[in-house]
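> The structure that follows is given in the form of structure tokens.
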There are 2 protein chains.
Amino acid sequence: MITTRLTEKFGLKYPIIQAPMAFAAGGKLAAAVSNAGGLGFIGGAYGDANWISEQFEAAGNQNVGCGFITWALKNQPYLLDQVLERKPEALFLSFGNPAPFVDAIKLANVPVICQIQTLRDAKHAIDVGADIIVAQGSEAGGHGEKRATFTLVPEVADYIARNAPDTLLCAAGGIGDGRGLAAALMLGADGVLVGSRFWASDEALVHPKMLQAAIHANGDETLRTTVVDIVRKIDWPDRYNARILKNDFADRWHDDVDGLKTHIDEESEKWCAALDAGDNSIANAFVGEVAGLFHDIKPAAELLDDIVSEAEGLLHIDWL
Amino acid sequence: MITTRLTEKFGLKYPIIQAPMAFAAGGKLAAAVSNAGGLGFIGGAYGDANWISEQFEAAGNQNVGCGFITWALKNQPYLLDQVLERKPEALFLSFGNPAPFVDAIKLANVPVICQIQTLRDAKHAIDVGADIIVAQGSEAGGHGEKRATFTLVPEVADYIARNAPDTLLCAAGGIGDGRGLAAALMLGADGVLVGSRFWASDEALVHPKMLQAAIHANGDETLRTTVVDIVRKIDWPDRYNARILKNDFADRWHDDVDGLKTHIDEESEKWCAALDAGDNSIANAFVGEVAGLFHDIKPAAELLDDIVSEAEGLLHIDWL
């Protein structure tokens with residue numbers, strides 16, 4: 001058993017949070033993770049009220065949390081109340097200023113988790129009252145920024161130690177096995193956020209063909225790019241882009257964003273159809289560099305066991 | 001004492017290699033590191049024969065190694081023989097294809113260390129006979145590429161375990177304290193390469209004002225860019241760029257490389273003069289994100305002690 005401030009705060013068996021991945025993290029995955037002793041999250045993402053309701057139903061009123069893309073939540077803040085009424089285990093905010101939402105979440109006695117990508121944003125999230133900081137490195141799948149897990153985590157840990165010792169810290173980006181969990185603990189984290197590895201689980205809402213593409217990829221084959229947002233016509237703030245699995249589509253447009261924009265309707269239709277069909281040559285899998293570390297699809301509960309037993313093995317070694 | 005395959009191979013007290021940083025890593029630093037129980041390297045870099053000779057003299061015939069920028073060595077391969085005659089502890093090659101040099105180094109019974117930035121390059125370096133792979137993440141200072149330490153190290157470790165179990169592996173990029181060393185061991189490394197932290201040592205050849213700028217910076221304030229190579233008129237291969245400390249010069253030109261090129265002579269003269277004068281508003285410090293983790297300048301021997309005792313403390317904790 002690895003006991004940390006994170007396991008103690010939520011009464012978890014494992015110091016592992018499952019990332020609220022847009023579209024992929026439905027109620028089934030969130031419930032599977034929470035049932036098995038981690039902390040599962042529904043990916044509220046861009047804020048589709050009906051989908052979120054369905055996924056809470058699918059979670060069967062397990063103790064799951066819900067995540068939002070902060071800048072998207074700003075456009076429909078009423079969604080926050082709808083989710084808070086369900087008494088989620090925690091509310092997870094990433095990508096944007098959490099300030100407008102923190103007070104309402106705390107008033108509902110729900111812990112606030114803020115995912116940040118820079119030290120600057122960590123300071124701000126702590127200032128506005130985040131209970132838990134998730135420091136996300138650039139190696140992460142999906143949206144993110146430039147800084148790396150390996151340095152961002154200890155730098156935020158130092159800041160927390162000096163300025164807000166009661167704030168918890170989790171590492172995100174690049175963690176998919178026990179080595180990553182053990183390394184994150186060494187870097188000063190109280191636990192980890194796992195995305196891509198749960199994306200490749202039995203319970204995630206991902207087309208089987210996309211899963212196959214990801215489990216056969218190595219980490220060199222991922223890329224941070226804006227083309228997947230442009231093609232989906234989602235207006236992300238400039239500072240963020242998304243790590244995805246490279247393919248013909250990304251190769252074609254990554255260095256010609258203006259070209260993509262001039263062909264947007266045609267390309268968008270093709271890309272979205274390919275996503276539905278699981279055609280990985282056109283649609284992109286949203287996975288991180290950690291894809292190079294796993295080569296199978298498993299039930300979420302088994303993944304949790306694997307990660308933690310590998311970490312326990314490493315922490316048990318007599319290194320000295 | 002942390003004993004690994006790296007300490008055993010070279011008879012080291014500490015599993016720490018000092019990066020052969022261009023210009024900064026002279027004989028004094030290399031000797032200080034080797035004397036104190038790590039493995040010190042002279043930064044042969046772009047290959048200035050006289051400078052390299054002087055630095056070997058400055059090292060006082062300690063057991064130090066020498067590093068080269070591989071693509072630069074290709075233009076003056078005779079430098080390799082000159083260095084091999086000095087019986088270096090190891091030869092360190094990074095940035096380019098090591099194949100043309102490995103046989104000569106091995107013939108001289110000198111271990112070959114190849115620093116790589118992708119899994120693909122790791123495979124190639126192993127194929128051509130590297131004894132030690134240094135997997136360098138993007139968070140590193142100076143030249144590098146896109147992949148992150150946190151995922152590149154375990155992915156290369158997996159490849160080595162399956163295909164070349166006698167090859168050693170070190171982690172580079174983001175390691176400047178005991179947390180980084182302990183985390184690297186968890187990720188599967190036999191040791192670590194430390195650059196920026198030794199750059200900020202008493203023995204490094206760096207202007208004191210540049211050191212002051214770096215120790216007051218945080219990791220958000222570094223940037224990967226090509227402007228420092230353009231302004232120095234060094235023709236680096238496209239795939240590499242350099243992580244440096246941001247300043248007015250980088251802010252001005254990073255997004256306007258063509259503009260910099262049209263003002264190159266004027267800007268180059270200014271930048272180089274600023275480097276000599278230690279003017280950090282124009283010249284850039286070549287440091288990594290790890291700059292956010294240290295805030296002082298110390299003798300190299302003390303840094304080694306600090307890193308290892310912090311790591312030992314972490315590895316001693318009863319995590320379970």
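> 7 Å along Cα→Cβ for the label point: how many nanometres lie between residue A:263 and each equivalent label in the other copies, listed shortest first?
Spelled out, the distances from residue A:263's label point are 3.7 nm.
> Find every distance from the label point of residue A:106 to the corresponding label point in the other copies (7 Å from Cα along Cα→Cβ) and write them in nm, one decimal, shortest first.
Reported distances to equivalent positions: 6.2 nm.
> Kyte-Doolittle cut-off 0.0, length cut-off 20 Å along the helix's own axis using Cα: show which whole DSSP H helices in chain B pass.
TM-like helix candidates: B:149-163, B:300-316.
> Okay, helix-only estimate at 222 nm for the protein assembly as shown: each DSSP H run of n ≥ 4 adds -39500 (n - 2.57), divide by all residues, round to 500 deg cm²/dmol; what do you get? Intermediate values should be presented prior to the final figure.
On the way: 32 runs with 278 residues, N = 640.
After summing the helix terms and dividing by residue count, I get -12000 deg cm²/dmol.
> Over the range A:1-85, what portion of Cα pair distances is larger than 18 Å, expressed as a whole percent?
It works out to 41 percent of all Cα pairs.
> Please report how far the C-alpha centroid of the range B:125-161 lies from that of the range B:163-188, rounded to the nearest whole angstrom.
Centre-to-centre distance over Cα atoms comes out at 9 Å.
> Take every residue in peptide A:310-320, count the Cβ atoms of other chains within 10 Å of its Cβ, and give the average of those counts.
What the average comes to for A:310-320 is 4.
> Indicate the gyration tensor shape class of the range B:208-284 (rounded, prolate or oblate), computed on the Cα atoms with a ≥ b ≥ c the square roots of the eigenvalues: a/c under 1.5 is rounded; otherwise a/b larger than b/c is prolate and the rest oblate.
Oblate shape, in that a/c is at least 1.5 and b/c is the bigger or equal ratio.
> Just how large is the dipole of the protein assembly as shown about the Cα centre, in debye to the nearest 20, putting +1 at every Lys and Arg Cβ and -1 at every Asp and Glu Cβ?
Approximately 400 debye in magnitude.
> What is the packing order of peptides A:57-67, B:288-298, taking the mean over residues of other C-beta atoms within 10 Å and listing the highest first? The partial results should precede the final answer.
Numbers: A:57-67: 20.1, B:288-298: 22.7.
Most protected by this proxy first, the peptides run B:288-298, A:57-67.
> Taking each residue in B:140-150, count the Cβ atoms of any other chain within 10 Å of its Cβ, then average. What number comes out?
Per residue, the number of nearby Cβ atoms from other chains is 6 on average.
> Got a sec? Charge dipole of the range A:32-158, +1 on Cβ for Lys and Arg, -1 for Asp and Glu; which of A:51, A:149, A:32 is way out at the positive end?
A:149
> In addition: Of B:233/B:261; A:246/B:246; B:209/B:261; B:74/B:146; A:28/A:298; B:209/B:298, which pairs sit farther than 18 Å apart, going by alpha carbon to alpha carbon?
In this structure, A:246/B:246; B:209/B:261; B:74/B:146 lie more than 18 Å apart at Cα.
> If you average the sequence gap of Cα pairs under 8 Å that are 6 or more apart and divide by the length of chain B, what percent do you get for the contact order?
17
> Could you give the dipole magnitude of the range A:59-212 about its Cα centre, charging the beta-carbon of Lys and Arg +1 and that of Asp and Glu -1, in debye to the nearest 20?
Values: 12 positive and 16 negative charges, 56 e Å.
Using Cβ point charges on Lys, Arg, Asp and Glu, the range A:59-212 gives about 280 debye.
> Summarise the partner chain shielding of B:212-222 as one whole number: the mean count of Cβ atoms from other chains within 10 Å of each residue's Cβ.
Neighbouring Cβ atoms belonging to other protein chains average 3 per residue here.
> By count of other Cβ within 10 Å, fewest leading, how are B:93, B:12 ordered?
On the way: B:93 29, B:12 23.
Listing B:93, B:12 from fewest to most nearby Cβ atoms yields B:12, B:93.
> Moving on. Would you work out which of A:263, A:291, A:98 lies farthest towards the positive end of the dipole of chain A, given +1 charges on the beta-carbon of Lys and Arg and -1 on that of Asp and Glu, about the Cα centre?
A:98
> Any idea what the residue B:77 label distances to the other copies are, label 7 Å down the Cα→Cβ vector, nm, shortest first?
Distances to the matching label points in the other copies: 6.9 nm.
> Can you return the aspartates and glutamates within cross-link range of residue B:123? Criterion is Cα-Cα under 16 Å, with same-chain partners fewer than 8 residues away left out.
Filter leaves A:220, A:221, B:131, B:155, B:158, B:166.
Bear in mind that the values in this text are calculations on the coordinates, not laboratory data. A quick note: this is a predicted structure, and the numbers were derived from the prediction, not measured. Glycine gets a Cβ as well: all are built from the backbone with ideal geometry, and neighbour counts include every protein chain shown.
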